[in-house]
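Every read-out reported here was derived from the displayed coordinates using simple, explicitly stated rules and does not represent laboratory data. None of these values were measured; they are calculated from a predicted model. Here the Cβ positions follow ideal geometry from the backbone for every residue, glycine too, while neighbour counts run over all protein chains shown.
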Amino acid sequence: MAPTPNPVPSKPCVRWRAFGVAALALAGSLPAGAADVPGAKPASAQTVAKNAAVLTQLPFTDRADYEAVQRGLVAPFSGKVSGADGHAVWDTADYAFLQADKSPDTVNPSLWRVAQLNAVPGLFKVTDRLYQVRGIDISNMTIVEGDSGLIVIDAMTVTETARAALELYYRHRPRKPVVAVVYTHTHADHFGGVRGLVDEADVKAGKVAIVAPAGFMQEAISENVFAGNAMNRRVKYQIGGAMPRGGQGQVDAGMGKGGPVDGSITLIAPTQLISQRYETHRIDGIDIEFQLTPGTEAPAEMHLYLPQLRAFCPAENATQMMHNILTPRGAPVRDAKAWSQYLDEALARYGDKTDVMFSPHNWPTWGGERVRTMLADQRDMYAFLNDRTLHLLNKGLTPYEIAEAMPRLPGNLEAKWYTRGYYGSLSHNSRAVYQRYIGAYDGNPANLNPWPPVETAKRHVQALGGGANVLKLVRAAIDQGDYRWAAQLGNHLVFAEPENQAAREAQAEALEQLGYQSENALWRNMYLSGAFELRNGVPAYKPSTVSPDMVRALTPAMFFDFMAVRLDVDKAQGRDMTLNWVFTDLNKPFALTLRNGVLTNREDARHPKADLTVSMSKATLDRISLRQLDFQKAVQQGDIQLDGDGRKLGELLGMLATFTPSFNIVTP
Ligand SMILES: [Zn+2]
């Protein structure tokens with residue numbers, strides 16, 4: 001998945017937590033789709049018809065995936081994974097409502113299908129010496145049995161679920177120590193649980209190897225820091241973190257059910273980086289060939305081939321659905337072409353010698369022929385996304401026109417379940433490819449300098465005869481089932497008149513029906529989260545927190561770069577200063593310059609005459625960042641030495657903003 005700045009939703013506000021609990025308590029007794037979200041409306045006649053039609057359009061009689069998710073079941077898992085304070089980090093009861101055979105009118109039947117398939121928690125034998133724990137986190141943990149210990153491929157998102165997964169394994173298999181952990185890529189749902197599996201002292205002592213693709217630490221950290229607050233906010237939309245679970249709420253997140261709630265995300269740095277295109281290592285008697293695939297689903301990612309087991313892991317580059325070229329949460333745009341090429345390389349190199357393909361999400365694929373077909377299909381899908389977008393772009397089509405001109409995949413791809421857009425979508429992905437090659441601007445000068453949303457909205461509403469008339473138009477579009485238009489128009493009305501409750505309700509209804517119709521789990525979650533916030537307000541999220549391991553892994557340069565992001569230019573203008581900042585334990589000086597309201601840093605350098613020199617250890621900085629130590633106090637007790645005009649430091653810190661993930665999205 002995504003990863004995420006912080007895939008773990010903050011504690012929900014009291015209001016909707018209460019509703020969430022009510023929904024849970026009722027989950028067993030109400031039919032799926034019963035009222036479980038405050039203010040939610042039932043499916044409209046148009047939505048009922050549209051969802052019913054899906055049942056005739058897709059091959060629902062093909063039940064092979066239902067067999068695959070049960071194959072090799074050693075032990076099911078049901079119940080809670082609890083945090084240290086007893087709260088449920090994961091609870092399989094949340095998704096008990098998915099056991100209903102028939103999907104409710106409020107869920108696209110294709111999405112219902114994958115939501116059911118992703119809700120089969122337990123320990124599974126994939127092949128000899130290779131096991132998976134699935135369904136207790138958004139990602140899977142794969143356990144390979146070495147000669148004397150265990151090799152774990154991907155560590156889930158949080159320590160609580162990772163530990164529960166390993167304990168589940170130990171209840172049914174010999175209790176051997178973990179001797180290696182492999183991170184397939186840089187997203188937190190693949191490394192965050194690592195401290196639930198191994199002790200860092202054992203890693204330092206050389207008893208446990210941590211293997212990751214080259215560039216791992218830089219990419220894992222930077223993605224979570226610089227745009228972290230906005231991503232964190234949008235992750236909550238994308239996975240429906242604030243939504244109650246149920247037929248009118250969150251049913252899935254495509255790659256899995258959703259993020260664990262308030263668990264501990266940890267990180268232990270790799271001890272071994274894979275930096276060659278192919279590298280073979282023998283780990284505890286198991287040969288693993290690593291295939292580097294940089295710039296695919298994550299900036300640093302790799303495939304694994306295990307020849308003795310005839311097993312192949314494509315990391316997150318081939319899963320049981322279409323992935324994202326650009327996640328709706330936001331991330332640097334990915335390279336669909338490279339993605340496709342690496343899958344082709346894997347097909348050529350491992351296709352003939354693979355009996356099973358397993359991924360850190362969803363379920364495995366067995367049988368050489370099926371694996372080869374799936375790899376070829378996935379290759380074609382990402383190549384099509386890239387090439388067709390470029391083809392249409394070169395014909396002069398613009399992003400939304402291209403999205404509309406690519407309603408389905410070509411050839412036989414459309415008929416395969418594993419190309420369905422449960423996570424990525426053709427529409428969003430084609431726009432991502434457009435952005436990658438020629439940017440967000442569509443070339444039309446009318447779009448060079450549009451009014452921002454509120455100003456545009458006010459003018460639209462005025463031109464259409466005022467708010468009352470626009471509301472009528474929105475309602476008429478809703479009555480006709482043209483929810484896309486209703487949402488576009490309603491958005492103008494809400495941005496022009498944010499206090500207009502009738503407008504907000506109409507807009508919520510339009511978004512909600514779009515959500516009920518979506519096959520894409522993330523689209524559904526975003527539509528429903530928008531409707532939810534229009535009716536109930538934005539949940540009061542706490543300021544984004546970065547886990548202690550992430551803070552400690554920040555390099556000093558990243559720390560200063562982020563300080564520059566936090567700087568409020570209005571407060572900083574006219575207050576130029578120069579600082580030397582020395583990390584005594586690293587013997588590393590930085591020259592900081594505040595000038596024109598902009599803060600820059602130069603590594604391994606000092607100003608000849610600085611206003612102030614600040615000396616401290618990196619560990620002290622970490623404790624301050626984690627709010628374990630107050631800056632003033634650190635100065636008083638000598639953890640920080642100041643040489644020069646000490647007031648400058650207080651001045652600088654006073655210019656820094658604190659971001660919170662409660663900003664508005666569907667309202668101005
Ligand atoms: Zn993932």
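Quick notes
- Percentage relative contact order, the chain, counting C-alpha pairs under 8 Å, at least six apart: 13 percent
- Model label sites at Val454 and Leu626, defined 7 Å from Cα along the beta-carbon direction, differ in position by 4.0 nm.
- Under the Karplus curve 6.51 cos²θ - 1.76 cosθ + 1.60, θ = phi - 60°, whole-Hz ³J(HN,Hα) for the range 528-536, x wherever Gly or Pro sits: 6, 5, x, 4, 4, 6, 5, 8, 10
- Packing-based ranking, highest mean first, of 417-425, 249-257, 471-479 given that Cβ atoms within 10 Å are counted: 249-257, 417-425, 471-479
- Difference of contour (0.36 nm per residue) and Cα-Cα distance, Ala476 to Asn447: 7.6 nm
- In sequence order, calculated HN-Hα J values of the range 347-354 (Karplus, 6.51, -1.76, 1.60; Hz; x Gly/Pro): 4, 5, 7, 10, x, 7, 10, 10
- Segment Arg484-Asn587, extension gain: residue separation times 0.36 nm, minus the distance between their alpha carbons: 31.3 nm
- For peptides 260-266, 342-348, sequence by mean Cβ density within 10 Å, most packed first: 260-266, 342-348
- 5 angstrom amide H check on Ile283, placed H, neighbours 5+ away: Ile288
- Share, in percent, of DSSP beta bridges within the chain that are antiparallel, nearest 5: 75 percent
- Each label was represented as a point 7 Å from its Cα along the Cα-to-Cβ direction; for Glu67 and Lys207 these points are 4.4 nm apart.
- Here Trp581, Trp112 are placed in order of increasing Cβ neighbour count within 10 Å, fewest first, which gives Trp581, Trp112.
- Over the chain, dividing the summed -39,500 (n - 2.57) contributions of all DSSP H runs of at least 4 residues by the number of residues returns a 222 nm mean residue ellipticity of -11500 deg cm²/dmol.
- Antiparallel bridge percentage (DSSP; both residues within the range 14-295; nearest 5): 70 percent
- Whole-Hz Karplus values for the range 104-118 come out as x, 4, 8, 10, 4, x, 5, 5, 4, 4, 6, 5, 5, 5, 7 Hz, taken residue by residue from phi with 6.51 cos²θ - 1.76 cosθ + 1.60 and θ = phi - 60°; glycine and proline positions read x.
- Its convex hull of Cα atoms gives the chain a direction-averaged projected area, equal to a quarter of the hull surface, of 30.8 nm².
- The modelled label-to-label distance for the pair Ala557/Asp199, using points 7 Å beyond Cα in the direction of Cβ, is 3.6 nm.
- Fully extended contour minus Cα-Cα distance, from Gln641 to His87, at 0.36 nm per residue: 195.3 nm
- Rounded to the nearest 20 debye, dipole of the range 14-295 from Cβ charges on Lys, Arg, Asp, Glu: 580 debye
- Note on Asp568 and Ala440: with the Förster distance fixed at 25 Å, the Cβ-Cβ geometry gives a FRET efficiency of about 0.40.
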